[in-house]
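The values are calculated or read from the model by the stated rules, or taken from the named source; none is laboratory data. Since the structure is predicted, the reported quantities are computational estimates derived from the model, not experimental observations. A quick note on method: Cβ atoms are made from the backbone with ideal geometry, for glycine too, and the neighbour counts reach across all protein chains shown. Note: accessible area is taken over every heavy atom of the protein model, side chains too, but ligands, DNA and RNA are not part of it. Shrake-Rupley method; radii C 1.70, N 1.55, O 1.52, S 1.80 Å.
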Number of protein chains: 2
Amino acid sequence: MGKRIVPDIVVARLPLYLQTLKQLQREGEYTTSSNGLGKRIDISAAQIRKDLSHFGEFGKQGTGYAISYLIEQLEEILNVNQVWDMALVGVGFLGHAIANFRGFNSHGFQVKLIFDNNPTVIGSNIAGFIVQDSNKMEEIIQEHNVKVAMITVDSDHAQEVADRLVKSGVKAILNYAPVTIKVPEGVQIQYIDPIIELQHMTYYLD
Amino acid sequence: MGKRIVPDIVVARLPLYLQTLKQLQREGEYTTSSNGLGKRIDISAAQIRKDLSHFGEFGKQGTGYAISYLIEQLEEILNVNQVWDMALVGVGFLGHAIANFRGFNSHGFQVKLIFDNNPTVIGSNIAGFIVQDSNKMEEIIQEHNVKVAMITVDSDHAQEVADRLVKSGVKAILNYAPVTIKVPEGVQIQYIDPIIELQHMTYYLD
DNA sequence: GTATATAAGTTAAATTTATCACAAAAAAAT
DNA sequence: ATTTTTTTGTGATAAATTTAACTTATATAC
């Protein structure tokens, strides 16, 4: 039946389900239920079942879900039954931390290219990668057919970098710069911004 | 009329409005409109007006919003017309990056305490702070009356650290560990997890 | 001075999202 | 072997959220 249109808010919850299933698996569990899974992450059992029902039938009445099977299925749905090469643009403290993060690999991603425009860091080795000149970004990204990128440059340069990434064929951008970026239709963008999250919380504090 | 109950989804958008208004201000603008603001961040003008209407009347027909005034008001609503001291627990690469991040200060936050359990880093100086022994976390956090904390320890220790933070009086936790954490009623929690965001995007890629 | 354009705040409508409740199926208990 | 319990997937219902439309006010153009 192909990929029907699924609400984005549903898609956004799938990675959390996947993460939690993997954790259950690490804890030695083999099966779980919409109820058991939901308790873990404070999501109702009905919602989990409804969400999954957009993609097929993965459970069994009376027993629930076979964890390894549901993981497989979710990985396929989310297209992480493969490893996406990523480009990282900007190697300040944050870029450094991301380059050295060992958590991507087992979840469908790996850093492949690192860029910066600062001559003092270009050519240096970070987490096993030679930092490349961001002037050659378009060329190198195209050559390596990289489709996913992370931006950790400062706010003033984030839009320009994003534009160049898009030109190079990048289709998904994770932006750490605290600024909204415009991308064309068909290019995905997500934001990571601690200040946004902190201010969201302080609303509820006195 | 006090603080009526405002949908959390509305509250979640306010920090983005604030961020964008500050940016407009840096660009030299003095006024904006729901339309102008919305265009920047791909949110409809009606939604911005509706969101703001939960908190009062901040604009003027015909002209729109005075940026500096709206910034002031949003800062008050979000309780960032003050500076919140923060504790940072865990000083790996990521903790390092956060400790050195210069962006918190102008948005209502500052790192005040840094903790780790690794004897080789305890006592060392990071971004001007002496890393403290996490065994003394409760005591020191209470003493400094810190209400906001960031967790950058590994997944296996995140819940335990969160529990101890809560015991110490922390009321808002920003968790960077890729695991869901349980906190009691009245304690705020938010997550930052690049893998979740990346997988959300790869759903839409082929 | 009058007409036109801009734009907030709000009420109503439309849409989206989440919950509920139940039939069907499997497993466990008696 | 039958009853009870667990649990899925789903259609119906309820709730939440967004959009649209409208009234009022201000500013600008003529």
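Net charge within 14 Å of A:Lys22 by Cβ-Cβ distance, Lys/Arg positive one each and Asp/Glu negative one each, not counting A:Lys22 itself?
Numbers: positive: A:Arg26, A:Arg40; negative: A:Glu27, A:Glu29, A:Glu72, A:Glu75, B:Asp156, B:Asp193.
Within the 14 Å Cβ shell, the charges total -4.
Protein heavy-atom accessible surface, 1.4 Å probe, per residue over the range A:113-206: 44 Å². Calculated FRET efficiency, A:Arg102 and B:Leu205, Cβ-Cβ r, R0 22 Å, to nearest 0.05? That gives a FRET efficiency of 0.40.
Kindly state, to the nearest 0.05, the FRET efficiency for B:Asp42 paired with A:Gln190, given R0 = 22 Å and r defined as their beta-carbon distance.
Values: r = 13 Å, r/R0 = 0.60.
For B:Asp42 and A:Gln190, the calculated efficiency is 0.95.
Using a Gaussian network model of chain A in which every pair of alpha carbons under 10 angstrom is joined by a spring, one finds that among A:Ile43, A:Ile114, A:Ile98 the greatest mean-square fluctuation is at A:Ile43.
Simple rule: put +1 on each Lys or Arg Cβ and -1 on each Asp or Glu Cβ in the protein assembly as shown, find the dipole, and look at A:Gly103, A:Gly38, A:Ala149; the Cα lying farthest toward the positive end is A:Gly38. Relative intensity of the protein assembly as shown on a log10 scale, I(q)/I(0) at q = 0.09, 0.13, 0.14 Å⁻¹, equals -0.60, -1.31, -1.49, per a Debye sum over C-alpha point scatterers of equal strength in the absence of solvent. Here's the list of aspartates and glutamates a cross-link from A:Lys136 could span, going by alpha-carbon distance under 17 Å and ignoring same-chain residues fewer than 8 apart: A:Asp116, A:Glu160, A:Asp163. The stretch between A:Glu27 and A:Asn135 holds 34.3 nm of extra length on full extension. This uses 0.36 nm per residue minus the Cα-Cα distance.
Across peptide B:185-197, the average count of Cβ atoms from other chains found within 10 Å of a residue's Cβ is 6.
What does the charge add up to near A:His144, with Lys and Arg as +1, Asp and Glu as -1, over the other residues with Cβ less than 11 Å from its Cβ? Kindly include the intermediate steps, with their values, before the conclusion.
Working: positive: A:Lys112, A:Lys147; negative: A:Asp85, A:Glu139, A:Glu143.
Summing Lys/Arg as +1 and Asp/Glu as -1 gives -1.
How big is the Rg/Rh ratio for the range B:8-77, C-alpha atoms only, Rh by Kirkwood, two decimals?
On the way: Rg = 10.8 Å, Rh = 11.9 Å.
Ratio value, two decimals: 0.91.
Over every Cα atom in chain B, the radius of gyration and the widest Cα-Cα span, Dmax, amount to 19.5, 62 Å. Remark on the range B:84-196: Rg and Dmax equal 12.8, 36 Å (Cα only). Within the same chain, lysines fewer than 8 places from B:Lys50 are excluded, and of the rest, those with a Cα less than 17 Å from its Cα are B:Lys3, B:Lys39, B:Lys60. Take every DSSP beta bridge whose two residues both sit in the protein assembly as shown; close to 25 percent of them are antiparallel. Shown for the range A:37-100: the carbon plus sulfur share of the solvent-accessible area, taken with all protein chains present and a 1.4 angstrom probe, equals 47%. In nanometers and ordered shortest first, the copy-to-copy spacing of the B:Asn117 label point, defined 7 Å from Cα toward Cβ, is 4.3.
Using only DSSP helix segments of four residues or longer, with each worth -39500 (n - 2.57), what per-residue ellipticity at 222 nm results for chain B after dividing by its residue count and rounding to 500?
On the way: 8 runs with 85 residues, N = 206.
Rounded to the nearest 500, it is -12500 deg cm²/dmol.
Place a point 7 Å from Cα of A:Ile9 in the direction of its Cβ. Which residues in the range A:35-73 have their backbone N less than 18 Å from it? Label zone hits: A:42-55.
Which distance in Å, rounded to a whole number, links the C-alpha centroids of the range A:61-85 and the range B:124-142? If we compute the Cα centre of each part, the gap is 41 Å.
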